[in-house]
Each structure stands twice: as structure tokens, then as C-alpha cells.
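To start, the structure itself, in C-alpha cells.
Read-outs: derived from the displayed coordinates by stated rules, not from any lab. Computed from a prediction, not measured in an experiment: that's the story for all the values here. Counting neighbours? That spans all protein chains shown, and the Cβs are built from the backbone with ideal geometry, glycine included.
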Amino acid sequence: MSADVTKTAAWARLSNLHDSFTPDLRGAFAADPDRAATFTRTAGELHVDLSKNFLDADVLAALVALADEVGLAERRAAMYSGERINVTENRSVLHTALRRPRTDSLVVEGRDVVPDVHEVLDKVYAFANQVRSGEWKGVTGKPITTVINIGIGGSDLGPVMVYEALKPYKQRGLECRFISNIDPSDVFEKTVDADPETTLFIVASKTFTTLETLTNAKMARWWLLDALAKAGAVDGSDAQNADAIAKHFVAVSTALDKVAEFGIDPANAFGFWDWVGGRYSVDSAVGTAVAVAIGPDNFADFLAGMNAMDVHFAETPWGQNVPALMGLLNVWYVNFFGAESHAVLPYAQYLHRFAAYLQQLTMESNGKGVKADGTPVTTATGEIFWGEPGTNGQHAFYQLIHQGTRLIPADFIAVATPAHGIQCDGADVHELFLANFLAQTKALAFGKTADEVRAEGVAEALVPAKVFEGNRPTTSIMAPALTPSVVGQLIALYEHITFVEGVVWGIDSFDQWGVELGKVLAKQIGPAITGDAAALAAQDASTQGLIAYYQANRAR
Ligand code: F6P
């Protein structure tokens, strides 16, 4: 049975600290002029201000003690060295190997994985260069202008998020689109105005068994061949269709045999390994669409950024270790203050898919009710991650963060230099944006007292509605600019935060059995929808009623 974290001395210490802890960020800043400096850390190029958290020297020491008592250093070493820490799938967890420099070596179970990683990267880069230069041609001899990635979960969220984050780095005239949902509207909208002669599909699936991805890939194949035939570009013969597929479809998978079964030449496939979890895979060949869009040099910088954060996490003492401290603070909020969710609020429009990406990373990893040994967890686990870019969120849900009844710790992210330094009416618009970034964490921390409201002449009856309690904890993360390296650093930061929380809770953060039951039931329910009476009879009354509604209302 895994050790129970709630029985550790550090847990008892945190519990005592919590019992006597009265959050008072105003008081803490007033009492200690050095507080901001005391609790600001650096990781890679990230400047991380933790000072507006429920943190003092005692709490920090207890959190560090907790890291030691749960054996965080040993677990980290086990992950980095390729021990099979994903116990329920009996796999190593080696996403950190994907961003090791070529000169490194990492022998796992008798094999150095670093040359394997770089062999695939070289193949991805050669392909990216061929597409970018126009050397890779479609079946009618035209260069590719639209790359459509077909994948879901980790084979979609990472590539979309990074593509969007790094749009200023993409090659002009080359566009990426992403199909993920099995809702046929997704394929329709992404292909309706695409030119089949200049469109290339990347089918990305670790397992190459995922229903959504295989169905979408089949629809895309049909769309391509049909559109090419209508344009007179192919005659519909097997030979010409095969040629068209070879020139317009490539694949990314760990299952190259299944890629071949689908009809994609394994020569046009990029492999990876079962030790890369789907939600940790954007830095593998799963990032091929991104590598095509931003080019090999930028993709290499992205990987280098991730590696810089890996090195920071591996080598920095806990008290200075940003992913460790942020993960431990999350535990502090979830398990001692009852926080149920955590907001991530990037003040960078290009990070508009970051929260969606983090949802899979954090919640598929840590939404677990049993520990790695199968015994029930003894603490709450897996808080809900969510967010939207500022300032949009300010005009939507910040009301609840500022004045609602729930404690919602939040990470605010901003960069010093914007991609577009646009001036308007004599103002640097990025500075207007940054003023909001700074104002929000200030308002959340320090609030506004009833006396301050009254001093503004507010009628007494309205005073309560205008009071801000403050003491809403935030972390501010700043970077020089949203470069490929910084995006890599941010991703690796949150990967390691997720790992730290999972280690404290004693869970296997790298399996995802919770997504399986729904997949099995969907297969059973499919025939019930299409008219199989026995399959329908086997369903519960609610499902039967919903199917009856569908059948009565489906227009064809
Ligand atoms: O169903 C969840 C999941 O297994 C994710 O973990 C994964 O990222 C996604 O499906 C897609 O899987 P694949 O890359 O094998 O198609």
C-alpha cells in the first residue's frame, strides 16, 4: 500500500498552520517591505511572483518538508531515468527525454533513447522543410498551402495550442487547421473551402485506434479523393488514388502497422514511443504540424525551452524550484483551504487555447480516486483547471473570482514585449493591457474595505455590494516575450506542477482509465440508435427515452 500523505509529519504541520492561518495579504505586505522579493523566483526565463499567495516562511518550510517526506526527489529521479512509474500501464514516463539535446544520453532498459528521439526529429524536420520550401508537392504538382492535423486529446490540444501561441512565427502562406471532434461539422467546416490540390493531412494518433480520429481520417480521405476526381486531377483508379493519398496524407503514431493498414505508406509516418503519454506528446512527432508551420529552428527552440524547465525542476532546491513550489501551493489550497478549481489567465491573446490544453494535462493526469497501488486516495485530488485570456475573462467571470464565495487560486501570465507593439491615440496598447494584468492581481490580493468604499461617498446601503474582501491568492508569471522557448518553458512548468501534485497524492498521473467506460458504452449504444431492437432493449430507460426523442426528431 502506498504511504498515506495525511499521516506524514509535514501534513500535520500544514494542518496546524492552516488552523492558525488567517489570510491577510494586506497585513503581510505592510509588515514586510521585502515580501515581493522574498517570494519571487526565476525558472528559465520565467519571472514568477508567488508573493500574493497564502505563503509565509513557516508554510514554505512545511511545503518543502512535505516534498521531502513524500519522496518527491526520488519520484522525479524515477521519472527522468525511465523507471516504469506509470504502473497501471506498466510504462516509463519519458516526455523529458523528448527534449534532451542530441549530445545527451539516456539509457533506458539497455537502450539509449536520445538517438531514437533525434532520428525521428530529423525526419520530422526534413519533412517540414520539404513542405515549407514547396519541394513536397500534391498530386497535381502544386505546393502545399494548408496542413490539416487530424487527432484528438493529446494528438490535438497540444498542437493547436502551440500553433496558436506561435502564430507570429509561422510561415506566411502556410496555414494549419485542426480536426478533432467526431461531429461531422468539424470535418465539414475545415474542408469546405480547402483546395484538395494544396492540402495535406497529418493523421496523428498514438494508438491509431481512436474512433474519432480514424473516422475523421476516413472522411478526409473520401473528401480528398472525391474532390480531386471532380477536379479531374485523378481518374479514380486505385493506382491514382494511392498516389494521391501518398502525397496528401502523412501519419504520426506509435502503431506504424496500423498506419499501413489505413493505407498510409509507413515511409510517410513519424513514430514515437509508448513512454510518451498523449497529453505529454506535443514535443514528439505529434508536433509535426507545428514544426511545419514554424520551421525546424523554432521547433528546436521550443524543445530547448522545455528542456530548460526540465533542468530547473531537476536541479533546483525545492525552496527555489518553481514547478515544485507551484505544485505544492496547489496542494495547500486544494487540501487545506478546500479550493476546487484553479484558474489560469494568460494576458496574451496568442495563448487563448492554453487553458483548454491544460485541462487535459492536469485533469486527465490527476483526476483519480485511487492511488497507484489501487487503494483509495485519502485526500481530495485533481482540482478543476479553467481559464480564458485576460481581459476577456474580466468582462465575463472575474466577478465570481473577486466577490464570490469560492476560493479560486489563479495564475496570471503576461509578457514584457508583445508580438505587435501597436500604438493607438498615443498609447502603447500593450501597456493598457499590462495595466489590467497588474490591476487584477492587486485587486484580488488587497481588495477594498468598507471604509474605503464609504470614503468615496457611496450610499451606506450599497457599501456591502462594493466591498472587495481581497485575500484571493494569485501567482504572476512574466516572460520577456512569447517566443517558442517561452511557450516550451510554460508547458514544461505545468507538466511538472501536475507531477508534483500527483506525487503528493500518491496517484498514477500517467494513466487515464476514466475515459474508457464511455468509449465502450458508445460502441454498445451505436446499434441501438441505428435500429437494433435488442441493443435498444438492453439500454436503461433514460437512454431509451433519449434515443426515442432522437428518432422522432431526426430530419434527413
Ligand atoms: O481517450 C483519451 C485519450 O486516450 C487521450 O489520453 C489521448 O490523448 C487521446 O485519447 C487520443 O489518443 P490517440 O492519440 O491514441 O488517438
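Translational diffusion coefficient of the chain at 4 °C, 1.567 mPa s, Stokes-Einstein with Kirkwood Rh over Cα pairs, in µm²/s as a whole number.
Values: Rh = 25.6 Å.
Translational diffusion coefficient: 51 µm²/s.
Between the listed residues S81, T6, N53, the Cα displaced farthest toward the positive end of the dipole of the stretch 1-124, a dipole computed from Cβ unit charges relative to the Cα centre, is found at S81. Basic side chains Lys and Arg get +1 at the Cβ, acidic Asp and Glu get -1 at the Cβ, and with that the dipole of the stretch 18-125 about its Cα centre reaches some 380 debye.
In summary, the helical segments of the chain meeting the span-like criteria, namely a full DSSP H run, a Cα extent along the axis of 20 angstrom or more and a mean Kyte-Doolittle hydropathy of at least -1.0, are 113-133, 211-230, 296-315, 429-446, 484-505, 516-530.
On full extension, the segment bounded by V515 and R84 gains 153.0 nm, given 0.36 nm per residue less the C-alpha separation. Based on the Kirkwood radius over alpha-carbon pairs, what is the Stokes-Einstein translational diffusion coefficient of the stretch 1-134 at 10 °C with 1.306 mPa s viscosity, in µm²/s? The Stokes-Einstein estimate is 83 µm²/s.
Between A538 and L256, the FRET efficiency estimated from the beta carbon spacing at R0 = 41 angstrom works out to 0.65. The aspartates and glutamates within cross-link reach of K218, meaning a Cα-to-Cα straight distance under 18 Å and a gap of 8 or more places when in the same chain, are D156, D183, D186, E189, D195, E197, D226, D238, D243, D257, E261, D265. Taking 7 Å steps out from each Cα toward its Cβ at D116 and F21 produces label points 4.2 nm apart. On the basis of the beta-carbon distance and an R0 of 30 Å, F337 and A416 show a calculated FRET efficiency of 0.40.
At what distance in angstrom do the alpha carbon centres of the stretch 511-551 and the stretch 345-391 lie from each other? Cα centroid to Cα centroid, the span is 29 Å.
Here the label points at D195 and A548, each 7 Å from Cα along the C-beta direction, are separated by 5.3 nm in the simple model. Pairs exceeding a 21 Å alpha-carbon distance, out of K368/K519; K206/K371; K123/K247; K142/K230; K142/K167; K52/K448: K206/K371; K142/K167.
Semi-axes of the equivalent ellipsoid of the stretch 466-556 are 46, 21, 17 Å, computed as sqrt(5λ) over the eigenvalues of the C-alpha gyration tensor in descending order.
Annotation: extensible slack from V311 through D183 equals 42.0 nm (criterion: 0.36 nm per residue apart, minus Cα-Cα distance).
Remark: the Cα gyration tensor places the stretch 384-469 in the oblate category, a/c being 1.5 or greater and a/b not exceeding b/c.
Extension gain for Q130-A380 works out to 85.1 nm (0.36 nm per residue, less the C-alpha to C-alpha distance).
Put simply, the stretch 172-219 fits an ellipsoid with semi-axes of 20, 13, 9 Å; these come from the alpha carbon gyration tensor as the roots of five times its eigenvalues, largest first.
Calculate, for T530 and T405, the FRET efficiency according to 1/(1 + (r/R0)^6) with r their C-beta to C-beta distance and R0 60 Å; round to the nearest 0.05. The formula returns an efficiency of 0.80 here. Taking label positions 7 Å along the Cα-Cβ direction at both H352 and E452, the computed distance is 3.3 nm, reported to one decimal.
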